[in-house]
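A quick write-up on the structure given underneath.
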Amino acid sequence: MNTSALLGLSLLQIISVNSIDLHDDGSITIGDIDPYLHIEVPEKQRESTGVFVSYEMSNYPEKYHSELLFSTNLHGIDGQYRYSFRLDGKKDTTLFIPIDFYADEGLETLRWDFDNCKGCNIKITQFSLVQDGSKKNYEQYIPEDYKPLTFVKGGNALDEKGVHYTIEKFHISGFEHLGGKYLKVKNDNPFIVSPLLDFPLTQLGGVYLKLGVPSTQNSTLYFNLGWRTYRLGYRTKLRLRKQDVSNKETEIFIPFIPLSNEKIVRKFRLRFEPEIGDVWSFEDIMMIPQSLVSQYDHLIPELVDYPGEVASWSNIMRNGFKKMARDLPFFVVYLLGLLGVLSGLVLSFLRNKKA
Amino acid sequence: MIIMPFFCHVDLFSEFRRVVHSINNDIYFPQQSRLVTFYIEYAFLSVFQPFLKDSHLVFFLEDLAKSTSNLTDYFIFTNHPNVFRHLFIFKLPYLLFDILTMWVIWLFFDDKQRAKIAVMLWIFNPITLYASYFFGRYEAIPLFFIALTALLLKKEKFLTAAICLSLAINSREIYVVIAPVFIISLYNENLTWRKNLKTILTAGFILLVSVVIPPLLEHYLHLTPAFAQGSVYNDSRANGLYSMAYHWFYPLIFAYFLTLFVIAAQPFSRHDYKFLAGSGIVIASYFMITHHSAHYVAWLPLFPILLINYPKKARNISLAIVFLCLSWFVYRIFKGDINLFTLFLAAPFNFELTLFPSLPRTYSRLVSELGPLFSTDNVLNSLHTIYAGALVFLIYQMHKARPQKQLLQTKERE
């Protein structure tokens, strides 16, 4: 990946970007879903004790949420090691994040995540790893309004009775918020994203929803639940479910099925197969702990496979061609190699026949 | 080459995730067993690593003690847009060793017409194709060393042959079961007992050293295996085999020792034949009682393929190999093994893999009303019996493939 365009990161290697556009002038634009920059820490700087960041912004919101996650020799990016902070949107931002507790483990990568900052344009002017000796020079850049920086380890404990949320706390896309608990479907890809949860998957049983769909003409509601952990984006789980809404209201419980190695649920996302113009009311949204799953499991809706992701012959082929198209240099070399071997075989066969 | 980029089993990913991690972290002592395979893969990947994409993410290994991939990590690997390129690169050493084995087979044969049949059976037999290029296991590497061992035995270069077998054992520990066959095959009734003893003791010493080198390295150089796997030396299963610790293994133990006695009692001195027939029969006996994974059978075909060199007519043993391949294929495709790995690769984001119209599933649906006689279990058991029958036929043909008189006389004149 060409990182030289990013001025502040020119000495660091970006491993990957997700939902972020890089521009020729060295700036980046933050996208909608799961945006982050994943940066490798050079060998010589693995014992750094702080990160100094300076950037200029345009097109920023009043407040946005950002996180710096760390992977070390001992721990991968799993959400257990990170700084989480809420920032005020302003033109110039300079901050210093002390990470001295990582010096022993050997810092390997950093992941810088942005939330609620869709469309923000950021020009990073400096992104430096600070060694222990010069740390004091930077401590003045831990601004008071960024405090307290939270160092989260292990996630939040989930209340035994569950945790209620209202729709106002959710990020909404493809809906028009009509006020209170009412949302109107605006386009064909509506979804809601929960606020930051940070619940351990060992404790979280699922999500309970009480929905009203007063205006719909349909008797069936299709939707899927995806959740995001610290290593994976929303691809963690994609299953299409359907629910009878002929009574214009329904109660749903969707279980979280833990995948090994995934520890903390960061957020969840509910996508709906919509009827544009329908008005829905979100009466209750509640995170259910594992201990209460048996009380809700009769509300689990019927599972139907997501049409594009069933393991059928046609989907397997389509998936294969899609991957081929995304790695054209390899396939050109591969096909030329095949052609070369085939021509060689034919020629040697013809030569033998002639002899 | 055609199929290399498109298929794999999760084991291939686990294997190369360990190798990538070792290269990035300067690990040279990954485990006690399969060190030769590891170093060969390490060398290949050191050259080809610049062509891997996002390796810090895709091959990220969180816990060295749990280096066998779970499904989540495997799905990240298969879902990556460059997965086909990665698979092609990982299988390149297997392709190279397969070609080298083909060359050794060609050199091994006295009659080049038979060599052509053997090479065709080697290239196109579905068992090794499946193991190396569909499943993606490293069987091609130890098999090359086994083929070379047979060739060196034929040339009566016993000590080099012992070194080659040592490399095979340190590439894939299962080949320790043919070490006693190798030792017995070294006996030459035309030589004095002193000369025989000298050859056998030296070769035996080489094999013994190769087995104990990894634990000795660990002990004296204070090395710690990064990925925590035992060696042949301290593997309780290998030790249990020779001490008859597993009662369900008794039939194999009996077949094993019977084979050793039969080979020892052969009234002629073709070391290569004794080694190939004895080893082939021992391994085929093993598959009579175990059917754990379809790719394990790749340990077998090389032995009967090389044995085509000996009998008066090549027809029967060649047919036995073809029967084995056919019965293995039908049995395995019905058992569902061959379907499984393909799905995991091609449909990485779907956990509901059971919906795939595999052969057993389709059959089960079609015959659901025909009664228990046609049940999937019945058909599967019958196919297993046919497969076992093909193994018995192959064992018989391997034993019968004794060198024709002409070959023995040529040998004696030499």
Worksheet item: Does the range B:23-38 contain at least one residue that is away from chain A (no Cβ under 14 Å), crowded, with 21+ Cβ neighbours inside 10 Å and modelled with pLDDT of 90 or more?
Response: yes
Item to complete: Just give me the residues in the range A:295-323 being at pLDDT 70 or above, open to solvent by less than 50 Å² (accessible area, probe 1.4 Å) and either within 12 Å of another protein chain (Cβ to nearest Cβ) or in contact with a helix residue (DSSP H, G or I) (Cβ under 6 Å, 6 or more places away or on another chain) (or both), in sequence order.
Response: A:ILE316, A:ASN319, A:GLY320, A:LYS323
Worksheet item: Which residue pairs have Cβ atoms closer than 9 Å, lie 6 or more positions apart in sequence or on different chains, and pair a first residue in the range B:76-92 that is more than 7 Å from chain A (Cβ to nearest Cβ) with a second residue that is among the polar types (S, T, N, Q)?
Response: B:PHE77/B:SER69; B:HIS86/B:SER55; B:ILE89/B:GLN49; B:LYS91/B:SER132
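Go through the range A:180-205 and count every residue that is of a type in the set (Ser, Thr, Tyr) and loosely packed, with under 15 Cβ neighbours inside 10 Å.
First pass over the range A:180-205, keeping only residues of a type in the set (Ser, Thr, Tyr): A:182, A:194, A:202.
Of the ones still in play, those that are also loosely packed, with under 15 Cβ neighbours inside 10 Å are A:202.
So the count comes out to 1.
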Item to complete: For B:ASP110, work out the one condition from (1) in contact (Cβ under 8 Å) with a residue 12 or more places away in the chain; (2) in a helix (DSSP H, G or I); (3) open to solvent by 10 Å² or more (accessible area, probe 1.4 Å) it doesn't fulfil.
Response: (2)
Practice prompt. Kindly indicate whether A:LEU6 is touching a Ser or Thr at 6+ places or on another chain (Cβ under 9 Å), crowded, with 18+ Cβ neighbours inside 10 Å, within 14 Å of another protein chain (Cβ to nearest Cβ) and at pLDDT below 80.
Written response: no
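Counting only residues that are modelled with pLDDT of 85 or more, give me the helices (runs of 4 or more DSSP H) lying completely in the range B:235-350 with at least 1 of them. So that I can check it myself, show each step before the final result.
Details: elements: B:236-242, B:250-264, B:271-289, B:302-307, B:315-335, B:337-346.
In the range B:235-350, B:271-289, B:302-307, B:315-335 are the helices (runs of 4 or more DSSP H) which contain 1 or more residues that are modelled with pLDDT of 85 or more.
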Practice prompt. Please identify the pairs in which a residue from the range B:196-221 that is crowded, with 16+ Cβ neighbours inside 10 Å has its Cβ atom under 9 Å from the Cβ atom of a residue that is assigned to a helix (DSSP H, G or I) and of a type in the set (Phe, Trp, Tyr), counting only partners at least 6 apart or on another chain.
Written response: B:THR199/B:PHE158; B:ILE200/B:PHE158; B:ALA203/B:PHE158; B:ALA203/B:PHE182; B:LEU207/B:PHE182
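The values are calculated or read from the model by the stated rules, or taken from the named source; none is laboratory data. Fair warning: this is a prediction, and the values are worked out from it, not measured in the lab. Reconstructed Cβ throughout: ideal geometry from the backbone, glycine too, with neighbour counts over all protein chains shown. Each accessible area value is taken on the protein alone, full model and side chains, heavy atoms only, with ligands, DNA and RNA left out. Shrake-Rupley method; radii C 1.70, N 1.55, O 1.52, S 1.80 Å.
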